[in-house]
1. Out of all the residues in region 58-74, which are surrounded by 23 or more Cβ atoms within 10 Å (Cβ to Cβ) and either of a type in the set (Val, Ile, Thr) or modelled with pLDDT of 95 or more (or both)?
2. List pairs: first residue in region 118-143 and under 19 Å from SER90 (Cα atoms) and without any contact (Cβ under 8 Å) to a residue 60 or more places away in the chain, second residue β-branched (Val, Ile, Thr) and in a loop (DSSP other than H, G, I, E, B) anywhere in the structure, Cβ distance under 7 angstrom, at least six positions apart or on different chains.
3. Scanning region 129-141 for residues that are touching a strand residue (DSSP E or B) at 6+ places or on another chain (Cβ under 7 Å) and in a loop (DSSP other than H, G, I, E, B), which turns out surrounded by the most Cβ atoms within 10 Å (Cβ to Cβ)?
4. Go over the candidates GLY72, GLY85 one by one and state the one that is closer than 19 Å to PHE10 by Cα and either out of contact with any His (no Cβ under 9 Å at 6 or more places or on another chain) or assigned to a strand (DSSP E or B) (or both).
5. For region 80-105, what are the residues that are among the aliphatic types (A, V, I, L, M) and loosely packed, with under 15 Cβ neighbours inside 10 Å?
6. Looking only at residues in region 106-128 that are charged (D, E, K, R) and within 14 Å of PHE5 (Cα to Cα), which one is surrounded by the most Cβ atoms within 10 Å (Cβ to Cβ)?
Amino acid sequence: MVSEFGLERFICDAALLDLCHKKPGQPIDDEDLEAAEEAAGVGLREGEAVILYTRPDESIHEKENVYLSQNGAEYLEFKSVGLVGVDSVSIDASGSTELTAHRILLGKEILILEGLRNLGSVISTRFRLYAVPIWLGGATAPVRALAMLD
């Protein structure tokens, strides 16, 4: 349940990783994440949010989405991030019934944000994320996500 988490899980430091070179239907794996960290000049920190920027044209309603592979999810679990956000409708592959990334991340209480918008306007690789949910008492809740730049 979303309401079981304190506000500090939704207001946190974040790193933006540019993965716009990935095409719809392609997975994001551990090597992609490591390369994006290196390109951004950031190392993911324990407890912070990582935001995966995959759609420079803002088209989140394609048939297929860029998604987080099993080893990509395991990499983020290993890095002990607190939250993973993505600008597509799901962090898993379109039509997936196994929801592997969801299972791995949520199994370690790593929160997931989906359907983020306007990531191209975030001009810093590090920022403060505000993504406070509406307390509806369920397993999911809408948020208004904001990036506060220094």
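1. VAL66, TYR67, LEU68, GLY72, ALA73
2. Cβ pairs passing all conditions: PRO142/ILE134.
3. The residue in question is ALA131.
4. That would be GLY85, the only listed residue that is closer than 19 Å to PHE10 by Cα and either out of contact with any His (no Cβ under 9 Å at 6 or more places or on another chain) or assigned to a strand (DSSP E or B) (or both).
5. Selection gives VAL89, LEU99.
6. LYS108
The values are calculated or read from the model by the stated rules, or taken from the named source; none is laboratory data. Owing to the predicted nature of the structure, the values given are computational and were not obtained by experimental measurement. Here Cβ is always computed from backbone atoms with ideal geometry, including for glycine, and neighbour counts include all displayed protein chains.
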